[in-house]
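> Structure provided below as structure tokens; questions to follow.
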Amino acid sequence: MIVLLGVLVVVIGFATKRNPLLVVGVAGIATGLLGGLSPGKVLAAFGDGFAGSRAVTIFAITLPVIGLLERYGLQEQARRLIARFAKLTTGRFLALYLGLRQIGAAVGLTNVFGHAQTVRPLAVPMAEGAAERKYGQLPERTREKVRSFSASADNVGLFFGEDVFLAVGSILLITGFVNTTYGTHLEPLQLALWAIPTAVCAFVVHGWRLLRLDRQLERELLTAHVHDTAAVEAAQ
């Protein structure tokens, strides 16, 4: 039971808003040492884990490419593109992105979209551009709100969409563990089919929240405009 203190390290680290990478690293080292591993074996375990999942470092290749595209006007072009669709509001655009993200994840295309390659360089500028087309320059607080909803659309779409794909790691892990532990014969297709209702519910719930964002932006920005106008008139 003492090895579970590593979980406590994670909870304390996140609660105090420490660097996530540092928190997870310290928790892993603490868990290994409390479990009776020598420092050398702990280091070897980190090395094996990195070598076994080195595909996660693919972002090191994509980020310079995205940065180069942004330098040559990718975000500006995204804003110009969204300006051509007058009826595509911020909420509607993000709901559309949520659907595309979920469908892509459901067929195994989990890396086609994502925060680094899609949300920051494309989805966020387009969502902000849709709001700016209607309300003009956005306050920083409103801009951060639009960015957070853009990130949430990607997170929800990926999380609830990927379990519909038969060959995703989580589905294979569950079926392997259940079949080995309980002696059953659970097929990945069975889990994937049961994931469909959850994915649909997630799309409906979060899609509704994204559509409500339009009303929230309208209420906040119009209120701010009224306050600014009143302040100007009072100063005169």
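The values are calculated or read from the model by the stated rules, or taken from the named source; none is laboratory data. Keep in mind that this is a model prediction, so the values were computed, not measured. As a convention, Cβ positions derive from the backbone with ideal geometry for all residues, glycine included, and neighbour counts pool all protein chains shown. We work out accessible area using only protein heavy atoms, side chains counted, and drop any ligands, DNA or RNA first. Shrake-Rupley method; radii C 1.70, N 1.55, O 1.52, S 1.80 Å.
> Is it the case that residue 200 is assigned to a helix (DSSP H, G or I), buried (at least 19 other Cβ atoms within 10 Å of the Cβ) and either out of contact with any Phe, Trp or Tyr (no Cβ under 7 Å at 6 or more places or on another chain) or among the β-branched types (Val, Ile, Thr) (or both)?
Working: assigned to a helix (DSSP H, G or I): yes; buried (at least 19 other Cβ atoms within 10 Å of the Cβ): no; either out of contact with any Phe, Trp or Tyr (no Cβ under 7 Å at 6 or more places or on another chain) or among the β-branched types (Val, Ile, Thr) (or both): yes.
The answer is no for residue 200.
> Across region 145-176, which residue is farthest from the chain's Cα centre (by Cα) among those that are closer than 30 Å to residue 130 by Cα and among the acidic types (Asp, Glu)?
In the first step, residues of region 145-176 are kept if they are closer than 30 Å to residue 130 by Cα; the result is 145-162.
Next cut, among the acidic types (Asp, Glu) only: 154, 162.
Values: 154: 5, 162: 13 Å.
Filtering region 145-176 for residues that are closer than 30 Å to residue 130 by Cα and among the acidic types (Asp, Glu), the one farthest from the chain's Cα centre (by Cα) comes out as 162.
> Right, here's the next one. Those residues that are touching a residue at least 60 places away in the same chain (Cβ under 8 Å) and of a type outside the set (S, T, N, Q), I need them from region 95-117; list them, please. If you could, list the steps in order and put the result at the bottom.
From region 95-117, those touching a residue at least 60 places away in the same chain (Cβ under 8 Å) are 95, 97-99, 101-102, 105-106, 108; that's our starting set.
Once the filter is applied, which keeps residues that are touching a residue at least 60 places away in the same chain (Cβ under 8 Å) and of a type outside the set (S, T, N, Q), region 95-117 yields 95, 97, 98, 99, 101, 105, 106, 108.
> Output the residue which, of all residues in region 149-175 that are in a helix (DSSP H, G or I) and either among the β-branched types (Val, Ile, Thr) or outside the structural domain of residue 214 (by the TED database) (or both), is most open to solvent (accessible area, probe 1.4 Å). Even if it seems obvious, please write down each step before you answer.
Just the residues of region 149-175 that are in a helix (DSSP H, G or I), to begin with: 149-164, 169-175.
Keeping just the survivors that are either among the β-branched types (Val, Ile, Thr) or outside the structural domain of residue 214 (by the TED database) (or both) gives 156, 164, 171, 174-175.
On the way: 156: 30, 164: 35, 171: 7, 174: 79, 175: 9 Å².
Taking the candidates together, the pick is 174.
> Could you tell me whether region 181-196 includes any residue that is touching a residue at least 12 places away in the same chain (Cβ under 8 Å), small (Gly, Ala, Ser) and in a helix (DSSP H, G or I)?
yes
> Something else: State all residues of region 128-142 that are of a type in the set (Ser, Thr, Tyr) and under 25 Å from the mean Cα position of the chain (by Cα); if no residue qualifies, say none. Let's see the steps before the verdict.
Taking region 128-142 as the starting set, the residues that turn out to be of a type in the set (Ser, Thr, Tyr) are 135, 142.
Listed by number, the list holds a single entry, 142.
> Now for a separate question. Could you grab me the full set of residues in region 26-37 that are part of a helix (DSSP H, G or I) and either loosely packed, with under 13 Cβ neighbours inside 10 Å or touching a His at 6+ places or on another chain (Cβ under 8 Å) (or both)?
Kept after step one, since they are part of a helix (DSSP H, G or I), are these residues of region 26-37: 26-34.
Passing the criteria: none in range.
> State yes or no: is residue 86 at pLDDT below 85 and under 23 Å from residue 219 (Cβ atoms)?
Working: at pLDDT below 85: yes; under 23 Å from residue 219 (Cβ atoms): yes.
So residue 86 passes the test.
> Here's a follow-up. Scan region 92-110 for residues that are modelled with pLDDT of 95 or more and among the small types (Gly, Ala, Ser) and jot them down.
Of everything in region 92-110, those that are modelled with pLDDT of 95 or more and among the small types (Gly, Ala, Ser) turn out to be 95, 99.
Listed here are the residues, each with its yes/no results for (1) of a type in the set (S, T, N, Q); (2) modelled with pLDDT of 85 or more; (3) in contact with a Pro (Cβ under 9 Å, 6 or more places away or on another chain).
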residue	(1), (2), (3)
6	no, no, no
13	no, yes, yes
29	no, yes, yes
38	yes, yes, no
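> Would you mind finding the one in 178, 146, 205 that is β-branched (Val, Ile, Thr), open to solvent by 80 Å² or more (accessible area, probe 1.4 Å), in a helix (DSSP H, G or I) and farther than 16 Å from residue 107 by Cα?
Numbers: 178 fails: open to solvent by 80 Å² or more (accessible area, probe 1.4 Å); 146 fails: open to solvent by 80 Å² or more (accessible area, probe 1.4 Å).
Exactly one residue qualifies, and that residue is 205.
> So in region 95-143, with the set limited to residues that are more than 21 Å from residue 217 (Cβ to Cβ) and in a loop (DSSP other than H, G, I, E, B), which one is least open to solvent (accessible area, probe 1.4 Å)? I'd like the intermediate steps shown before the answer.
Step one: filter region 95-143 for residues more than 21 Å from residue 217 (Cβ to Cβ), giving 100-118, 121.
If we keep only those that are in a loop (DSSP other than H, G, I, E, B) too, we end up with 107-114.
Details: 107: 91, 108: 28, 109: 90, 110: 41, 111: 130, 112: 82, 113: 45, 114: 5 Å².
Step by step, filter region 95-143, then rank; the result is 114.
> Next up: Can you pull out every residue in region 40-71 that is over 25 Å from residue 113 (Cβ atoms) and either basic (Lys, Arg) or at pLDDT 75 or above (or both)?
Hits for region 40-71 are 40, 41, 42, 43, 44, 45, 46, 47, 48.
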